[in-house]
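Note sheet for the following structure.
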Amino acid sequence: MNHHFHFVLCILTFAACVHEPESAVTNEMGAGSPESLWFMEPAHAPNKGSETATPLDAAVEPEVLPRAHIRPNRESLVDNRVAESTAMQTKDYPQEQNVFAPEALVAIESNPSTGIPDVNPHITLRTTGAFVGAGATIQGSVHEYALRIATSVTDISVEVDGVVFDTTHLGAPVGLSLQLTPLRGAYDVSDNAQILVQLTADGETPVAAFPVVASAANGQSTCTTDPNGICVLSMNPHVASYTATVEAGGVTQYVDINVSQPSYPADNAIGVQIPTTPKSPGDIFEVPVYLSTTGSVPGAYDMRLHFDPNTIAVVGITGGDCEGMGSPVSNVGMPEMNGTLRFNAITADGNAACLNSSETAHVATVILQVLSIGDGTTDIQCEVKDYLGFNFNPLGTACTGDGSLELQEVAATHLFLAATDTVLDDRELIDGTIETATLHTTMVMSDGTIGSPDAAITVADAVHATVDGMVVAPGVTAGTTTVTANTMGLSASTTISTRRVKALTVMLDDDVLETIDDGARIQPTRIRVYGHWATGSEIFYADVTSGVENRIILPEGFLLTDGTLIPTSATAGVHTVTIAGTNGSIAASTQFTVSSESVALEGLQVKAVCSIDAALDAEQRTYTLTVDSSPAPNAPCALQTHAWFTDGHSTVIPVSMGVEHDSHGAAQISHGVAVVSNAQPISITSSWLGATTTTTLE
């Protein structure tokens, strides 16, 4: 994808939901009363509440998850460990939808001013791939986030209060369950051991651009899988039997390639080795010629090979590996060959080790080509005219190893179809992007060759996806369909899902902004824009604030800084925040009130983000981001300030609103970024509007 798709990760800020929104909200499910809106709010950090729960469980579609609530005394959270399930029916989705309440209980942390719930840092994620959902958990000082992505390879970066932690290509794949399947193990037309394998995840999804290695006693080979997970390994030359160890991503397969043992000559004889693997028209293959050296030292040989010239043709003849025997002289190319190859040679060096080893000596190689398959087999016969010793005494007349060669037409054996992306997003409402995918075919032939043939492409349900050539695009309706390729009598299929952003909703964490402690400053609050996604009958939310930030229209007297709505010269009354669509029309809006009433600042809490590591689960297409507050010498730590008010709301306070940080150790702080000079614990005091809090970096 050429466009960055910006999403803001849903985080666990339970304090943001004491008051339910009473403003008008544009929502595909329709506006409702304050009492009915609670189940429509997306969750920030729910967990499944089971022993096997992971952060990503918070984002399993199609769940629509509400935030946790703070009780009026603001000292404890509602314990929703037992999921509450509500069936709802809407105008657009008349079928029942299950809505689950959060099941996480967050501990209360002490504060110099008052007790407030622990909060997660607010982080902004930017990526080249679309987020499907996100969740978060707290484990002491370490916060773990999980997010689903649209493609298996995604460049992501994380921003916290202006500090960018680039996680691009960080994190090795984790939890990747691979299957390595041999498709063919044989000798190819050049009589090299050839191994074809397919690498998949879950036994279905091909894993592309992945290295595969094969090794054996006599060699090693490497290759990289294609879009269908296919890889071709070609090992060392022809041997009687071959067992290779094939490895990819820690998965190992053993592949045996066996041929008949050659009939090597014994007792002063000559032998040839006919291939035992079938050959097809056009194939070029080799027939090695061996001499026995168990008797006298060979001095010369004169041989004949008889064959059917309608099915077999001689391409050439070369000397063998034994340097003691001279290069053969033959009738190759002469018009009177007529199905008989005549060749002979004399010894060039009688002292050569290969002629005195009491073993077989490879003295020549005949190169042949298949012209036609005839009746499916053809005979290659060997005849010895003379086999003489070093003193030209007769050594024998026997020739072994000749016989029949199996012939067959090349046929298609395997067809595979893959798409560059199996989930296509229609994000026209967000950034104007409509994703497409390219289809790739891979054909494996009976002779081991592979290619990408043209194929007839059909779609089972064109309302969900359309195909133009080899490009797949979303259809008019979100859902899942099967795309099938047909060619050469074979078919292959893959599944394509399309998702569509049906509507946008803009929300404020606090829709009634009051004067802080009867002063001149008015409460800030966070703006959140949610995309309502649909995959057929399933619906879910994704936070798309950063993707539409440049289209947020603010009322007069307000600024937007790092996702926080800051009143500057706002007047009391009702105001409107609007999201302009990509075509300029209004996509969503919400109203909020600036009140003349006063609210007290109860306290502050500062979260430090010093590093962010990413681990990719390529099979599930998920990243797990680990946010750590432990500083490293000379590395930046972003200090994020959360303020807590007596109306039950909390929000991130940008540094531009006057937050001050002071260190009591070897640290430099500028614009909310702390850089420590050593590994010693650093105490940081943060203050805003008279409230203070202390944070220790260690």
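The values are calculated or read from the model by the stated rules, or taken from the named source; none is laboratory data. Computed from a predicted model, the values in this text were never measured in an experiment. Here the Cβ is made from the backbone with ideal geometry for all residues, glycine too, and neighbour counts use every protein chain on show.
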When you go through 548, 577 one by one, which is the residue that is in a strand (DSSP E or B) and hydrophobic (A, V, I, L, M, F, W, C)?
-> 577
Taking residue 551 as meeting all but one of (1) closer than 30 Å to residue 691 by Cα; (2) free of Cβ contacts under 8 Å to residues at least 60 places away in the same chain, write down the number of the exception.
-> (1)
Matching residues in segment 278-318 (in contact with a His (Cβ under 9 Å, 6 or more places away or on another chain) and either farther than 17 Å from residue 398 by Cα or not hydrophobic (A, V, I, L, M, F, W, C) (or both)) number 3
Given the conditions (1) surrounded by 19 or more Cβ atoms within 10 Å (Cβ to Cβ); (2) at pLDDT 90 or above, and given that residue 385 satisfies all but one, which numbered condition is not satisfied?
-> (1)
Specify which of the listed residues (272, 297, 287) is farther than 29 Å from residue 308 by Cα and in contact with a Ser or Thr (Cβ under 9 Å, 6 or more places away or on another chain).
-> 297
Counting only residues in segment 470-487 that are modelled with pLDDT of 95 or more and over 23 Å from the mean Cα position of the chain (by Cα), the one surrounded by the fewest Cβ atoms within 10 Å (Cβ to Cβ) is identified as 486
Residues of segment 153-173 satisfying the condition of being surrounded by 14 or more Cβ atoms within 10 Å (Cβ to Cβ) and modelled with pLDDT under 60 = 170
Single match in 566, 579 (criterion: of a type in the set (A, V, I, L, M), at pLDDT 90 or above and in contact with a Phe, Trp or Tyr (Cβ under 7 Å, 6 or more places away or on another chain)) = 566
Determine, yes or no, whether residue 571 is polar (S, T, N, Q) and outside any loop (DSSP other than H, G, I, E, B).
-> no
Any residue in segment 394-405 that is farther than 30 Å from residue 552 by Cα, in contact with a Lys or Arg (Cβ under 6 Å, 6 or more places away or on another chain) and modelled with pLDDT under 90?
-> no
Any chance segment 583-600 includes a residue that's assigned to a strand (DSSP E or B), among the small types (Gly, Ala, Ser) and within 32 Å of the chain's Cα centre (by Cα)?
-> no
Just a yes or no: is a residue in segment 610-624 part of a strand (DSSP E or B) and over 30 Å from the mean Cα position of the chain (by Cα)?
-> no
Taking the residues in segment 658-698 that are under 39 Å from the mean Cα position of the chain (by Cα) and small (Gly, Ala, Ser) as candidates, determine which candidate is surrounded by the fewest Cβ atoms within 10 Å (Cβ to Cβ).
-> 670
List the pairs whose first member sits in segment 473-486 and is closer than 16 Å to residue 440 by Cβ and in contact (Cβ under 8 Å) with a residue 60 or more places away in the chain, whose second member is of a type outside the set (Phe, Trp, Tyr) and not in a strand (DSSP E or B), and whose Cβ atoms are under 6 Å apart, counting only residues at least 6 apart or on separate chains?
-> 485/455
Please list, ordered by first then second residue, the pairs with beta carbon atoms under 9 Å, 6 or more apart or interchain, first in segment 687-698 and under 19 Å from residue 675 (Cα atoms) and of a type in the set (Asp, Glu), second in a strand (DSSP E or B) and at pLDDT 90 or above.
-> none
Condition check for residue 677: in contact with a helix residue (DSSP H, G or I) (Cβ under 7 Å, 6 or more places away or on another chain) and in contact (Cβ under 8 Å) with a residue 24 or more places away in the chain | no
In the set 438, 360, which member is of a type outside the set (A, V, I, L, M, F, W, C) and over 30 Å from residue 198 (Cα atoms)?
-> 360
Could you list all residues from segment 216-246 that are part of a strand (DSSP E or B), within 21 Å of the chain's Cα centre (by Cα) and in contact (Cβ under 8 Å) with a residue 40 or more places away in the chain?
-> 230
Any residue in segment 330-352 that is part of a loop (DSSP other than H, G, I, E, B), out of contact with any Gly (no Cβ under 9 Å at 6 or more places or on another chain), hydrophobic (A, V, I, L, M, F, W, C) and surrounded by 16 or more Cβ atoms within 10 Å (Cβ to Cβ)?
-> yes
Candidates 384, 370 - the one that is hydrophobic (A, V, I, L, M, F, W, C) and closer than 28 Å to residue 448 by Cβ = 370
Could you name every one of the strands (runs of 3 or more DSSP E) located completely within segment 450-528 that has at least 1 residues being of a type in the set (S, T, N, Q) and over 30 Å from residue 578 (Cα atoms)?
-> 456-459, 465-468, 479-487, 490-508
State whether the residues of segment 289-298 include one that is outside the structural domain of residue 350 (by TED's automatic domain parsing) and not in a strand (DSSP E or B).
-> no
Considering each residue of segment 362-421, count those that are more than 30 Å from residue 443 (Cα to Cα) and of a type in the set (Val, Ile, Thr), and give that number.
-> 7
Residue by residue through segment 425-446, note down the ones that are in a strand (DSSP E or B) and either among the aliphatic types (A, V, I, L, M) or free of Cβ contacts under 8 Å to residues at least 24 places away in the same chain (or both).
-> 434, 437, 439, 443, 444, 445
